[in-house]
1. Restricting attention to the stretch 225-248, which residues are near the ligand (Cβ under 8 Å from one of its atoms) and surrounded by fewer than 24 Cβ atoms within 10 Å (Cβ to Cβ)?
2. Look at Lys113 and say whether it is assigned to a loop (DSSP other than H, G, I, E, B) and surrounded by 18 or more Cβ atoms within 10 Å (Cβ to Cβ).
3. Do we have any residue at all in the stretch 312-327 that's under 25 Å from Thr386 (Cβ atoms) and of a type in the set (Asp, Glu)?
4. Just a yes or no: is a residue in the stretch 348-360 touching a His at 6+ places or on another chain (Cβ under 8 Å), in a loop (DSSP other than H, G, I, E, B) and at pLDDT 95 or above?
5. Please indicate, with yes or no, whether at least one residue in the stretch 50-59 is closer than 22 Å to Leu212 by Cβ, part of a helix (DSSP H, G or I) and in contact with a strand residue (DSSP E or B) (Cβ under 7 Å, 6 or more places away or on another chain).
6. Looking only at the stretch 1-30, how many residues end up being surrounded by 15 or more Cβ atoms within 10 Å (Cβ to Cβ) and of a type in the set (Asp, Glu)?
7. Go through the residues of the stretch 201-212 one by one and say whether even a single one is among the hydrophobic types (A, V, I, L, M, F, W, C), within 19 Å of the chain's Cα centre (by Cα), under 25 Å from Gly473 (Cβ atoms) and surrounded by fewer than 23 Cβ atoms within 10 Å (Cβ to Cβ).
8. Can you list residue pairs whose Cβ atoms sit under 6 Å apart, with the first residue in the stretch 199-212 being under 16 Å from Gly47 (Cα atoms) and the second being within 7 Å of the ligand (Cβ to nearest atom)? Count only pairs 6 or more apart in sequence or on different chains.
Amino acid sequence: MQIENIAPAQETVREWLKKPRHQLLIGGQWVDPAVGRTLSTINPATGEVLAQIAAADAGDVDRAVAAARKAFDDGQWRSMTPAIRARLLWRIADLIDAHIDELSELETLDQGKALYVGRWAEIPMAAEQFRFFAGLCTKVTGDTIPSSINYQPAGKRVAAYTTKEPVGVVAAITPWNSPLIMHAMKLAPALAAGCTVVLKPAEETSLTALRLAELLVEAGVPAGVVNVVTGLGSVVGAALAAHPQVDKVAFTGSTQTGRAILDGAKGNLKKVTLELGGKSPVVIMPDADLDAAIAGAANAIFFNGGQVCVAGSRLYVHRSIFDKVVEGVAEIARGIRLGHGLSPDTQMGPLVSKRQADRVKAYIDAAVADGATLVTGGGQKGPAGTFIEPTLITNADPKSAIVCEEVFGPVVVAAPFDDVAEVVAAANDTEFGLAASVWTQDLSAAHRLSSDIRAGTVWVNCHSFWDVALPIGGFKQSGWGRESGAGAIENYLEIKTVCMVL
Ligand code: ADP
């Protein structure tokens, strides 16, 4: 498979990539890491080095946390009127929109994704995160609470109320699948609440975090309120998770790394929200609109190369329509055009890295070696070995790794079912509980299945429908807490109860 090296259309991207190396944003200044190490960030389509990013260490994390701490403790940011803070968040959204072509090209070059994914789905949604939480800045309120305390001094009264205050310094640790939207899902509610942030993007895909940081400065975010520290997860991420001056970690990534973060966070019992892995079932009932269900099932797993936490990686189809659905999804899979994400013909880009492509390929090979049927796909291609063909597998052992573990690639495992009880049991037979979709025209099946499937989101006749207003997060080992939705601002707030005798 030949991959032509395509230059970005945006002049600003071409210029930006000429920087000899990228720095850290600490306390409003762009600075080198103290030890001066760098990491190469690779274009996964071609394997070529795109840029050098700073490889920070624990000392740089200390500096960034101190800057965030100072910006929080001096009180100016958190006591800024909510209306002014709202305008600032709205300005960030407008700047993202104004730079959308540039940001989407950068994301594609760094992550590999087909351009339309960033341009039309993820980056507009990142801007919407800032607008949605801008609207909430002015709506953070407490309660006045009637008290029944009966031991106040004679003739006195008890008055009680609550306020909500920002939790403090937040470490936002984000993954490589959809970088910019992940940063926005943490930064927007954290800033709306009045927190300060140290953002640590994934080492594979740090470029849009750095460009976003420039836009935050341009928008007028005060020095130290957002700091960006790039580098390895095992160094920078681990130092942030364990840091005694960090009040909260907001993490999205693998379940395994989520556990490491909890270990780190226990020292000062910092607050933690985790958005972790998934193995989301797609259930197609016999009465479903088959054209929609087949297209929907294919999109649920192949969008963004399956590098989506809610990807529909287990496909359960009623036996009466199983062959038809399998053939339909396989046909779509065979027709997907792989290529450089910047090519307008490309429907699916490479996976983020050779390491990830090797991981996905190993899952496929192990399933086939175990006796599963490879209906289509399975190949690993491209000059850097980063492309994985859209893959459909049947006859897999329900206890095998391909069915139970998060593969995070364009690989779906299909199995037939005969009745509702059987498919509910199969859908729930997982340690994860992030999302699911049900395809049916039958109202009662829709309600019963969405009630019985244990997952943070159940879509009916759609999959991966995201909206900043809809909470997203997991049951079981898919995480702690919810992002997006009005409630997400609470992740960044503490309740204070004030009780007085008057
Ligand atoms: P993957 O294993 O697929 O790279 P991760 O869940 O490890 O996915 O990565 C998500 C984010 O977590 C990245 O920003 C990564 O650098 C960071 N990370 C990795 N290991 C650790 C760790 N031990 N502590 C904190 N953050 C980490």
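The values are calculated or read from the model by the stated rules, or taken from the named source; none is laboratory data. These numbers were taken from a predicted model, which means no experiment stands behind them. Heads up, the Cβs are rebuilt from the backbone with ideal geometry, glycines too, and the neighbour counts pull from every protein chain shown.
1. Within the stretch 225-248, Leu232, Gly233, Ser234, Ala238 qualify.
2. Yes, satisfied.
3. no
4. Looking for residues that are touching a His at 6+ places or on another chain (Cβ under 8 Å), in a loop (DSSP other than H, G, I, E, B) and at pLDDT 95 or above, one finds at least one in the stretch 348-360, hence yes.
5. The answer is no, given that none of the residues of the stretch 50-59 is closer than 22 Å to Leu212 by Cβ, part of a helix (DSSP H, G or I) and in contact with a strand residue (DSSP E or B) (Cβ under 7 Å, 6 or more places away or on another chain).
6. Residues that pass the stated criteria total 0.
7. The answer is no, given that none of the residues of the stretch 201-212 is among the hydrophobic types (A, V, I, L, M, F, W, C), within 19 Å of the chain's Cα centre (by Cα), under 25 Å from Gly473 (Cβ atoms) and surrounded by fewer than 23 Cβ atoms within 10 Å (Cβ to Cβ).
8. Glu203/Leu232; Glu204/Trp176; Thr205/Trp176
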